[in-house]
Amino acid sequence: MKPLIPYSITIEELAQLGSANIPKELISSSHLIYNSPAALAFNSPGAQGFGVKRAGLAIPGSIMLLIGPGCCGRNTTILSEMGGYSERFFYYQMDETDIVTGRHLRKIASAIEEILATQTVCPSVVMVCMTCVDALLGTDMEQVCKKATQKIGVPVVPCYMYALTREGRKPPMVDVRRAVYSLLEKQTRNRRTVNLIGYFSPLQDDCELYELLKNMGIHTIHELARCKDYDSYKTLSQANFNIILHPEARLAAQDMQERLGIPSIELTRLYQVAKIHTQYQALGRTLGVSVEDTAWWEQAKEIVSEIKQRCAGIRVSIGEMQNGNAYEMALALTKYGFAVKEIFANISENDYVYIRHLTELTPLTKVYSNLSPSMIYYEDGHEHIDVTIGKDCSYYHPHAVHVHWDEDIQPFGYAGVISLLKRIQFSLRERNIA
């Protein structure tokens, strides 16, 4: 009898198969999902970080009405209390009659009126969060919310916690990004103003992107997470252009271009120092200005040089619950002298730009899927690992040094690289490893 082992594939084998033949074990929609403790934090209804429910409250002064069965409400109650936004959350608990007949749709406006009667300050917007029940019912929530807006005089905006659409054209986290910008109205654009869109929390304060943009003549830099009130939120529509920092914000940017006439440029979060420099130079060419990033570039190269001397051969596993693309991060750390032994992450066609380069440097690195049922057979000891990156990855190697790297504040650019490498170095020193 063959021993029971988790499914894995090497980087080299992935590259040979090509992006058109990704193994079904690495595509979550093609098999049963195993929510191990490693996956619970990011994949379950109790997911931490910015899920649809927390993200939907990104508009300043907003509240949310969650409409669904009691099981959905229980998870939300725990998360909202942990996140400090429980006072902005309200519930309509569906019963069997609601589920069978759709009766609840006629009660939404009245439920919102009851909520508003308890508020000392009128909310800027009411986000109505729908669950998979309404996905199965085929509810036209845009129309339902439009009627509610007309009745109560406060904007009512739908957002969808539809796990059923996660693999579709508009996954929940893509559509909620569109929803939180949907209330912006067309204004005169300011040629020296830009929006950074894609995250629900701000970039780290020391990120060089702020200074670089100001040196390019951009005087005002808006981020949704830094809007203090609804009036400041409305000024986002004055931007001359948007900078997309997360690919899930592309739909939101497209909607803003169609409705508000605001075009967009996309930047990718990278941990390869040379590629960051190349990207900034490309941004400058697009905007018709020169970008002087030498000081930050040299600072980043200096810490990379130090890391190469101190951490060469340190064995690393990288998960997907961290602020970065697991494959791009693996490529960067491999170039910096680390030995990346494992990657725990699903894969898309876009990841192959990194996989092809990884094949040349570390072809035997193993790739696992957190969500594969075969992961029930994974045991610590398959690989001796010194440091894990990502909260999910720490589950597989409890005795390694853990760098979760999943905080709300977003690392980006040279500052992100420096922060990550310093965090790794500090964590290893605490354990007297490097």
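Before moving on, here are some points about what is shown:
- Answer residue from segment 290-305, given it is open to solvent by 90 Å² or more (accessible area, probe 1.4 Å) and of a type outside the set (D, E, K, R) and is nearest to the chain's Cα centre (by Cα) among those: Gln299
- Given (1) within 20 Å of the chain's Cα centre (by Cα); (2) farther than 30 Å from Ile265 by Cβ, number of the condition Leu209 does not satisfy: (2)
- Search result, residues across segment 44-70 that are touching a Pro at 6+ places or on another chain (Cβ under 6 Å) and at pLDDT below 85: Val52
- Pairs with Cβ under 6 Å, 6+ apart, first in segment 260-285 and farther than 22 Å from Asn323 by Cα, second open to solvent by less than 40 Å² (accessible area, probe 1.4 Å) and part of a helix (DSSP H, G or I): Leu260/Ser237; Ile262/Met256; Ser264/Ala253
- Glu185 charged (D, E, K, R) and closer than 28 Å to Pro171 by Cα: yes
- Selection count, segment 335-353, where residues are over 20 Å from Glu383 (Cα atoms) and open to solvent by 40 Å² or more (accessible area, probe 1.4 Å): 5
- Scanning segment 179-197 for residues that are surrounded by fewer than 23 Cβ atoms within 10 Å (Cβ to Cβ) and among the hydroxyl-bearing types (Ser, Thr, Tyr) returns Ser182, Thr188, Thr193.
- Restricting segment 116-147 to residues that are of a type in the set (Ser, Thr, Tyr) and modelled with pLDDT under 85, the residue that is least open to solvent (accessible area, probe 1.4 Å) is Thr131.
The values are calculated or read from the model by the stated rules, or taken from the named source; none is laboratory data. None of the values given here were measured: they were computed from a predicted structure. Note: ideal-geometry Cβ built from the backbone for every residue, glycine included; neighbour counts use all protein chains shown. Quick note on the areas: whole protein, heavy atoms, side chains included, nothing else; ligands and nucleic acids left out. Shrake-Rupley method; radii C 1.70, N 1.55, O 1.52, S 1.80 Å.
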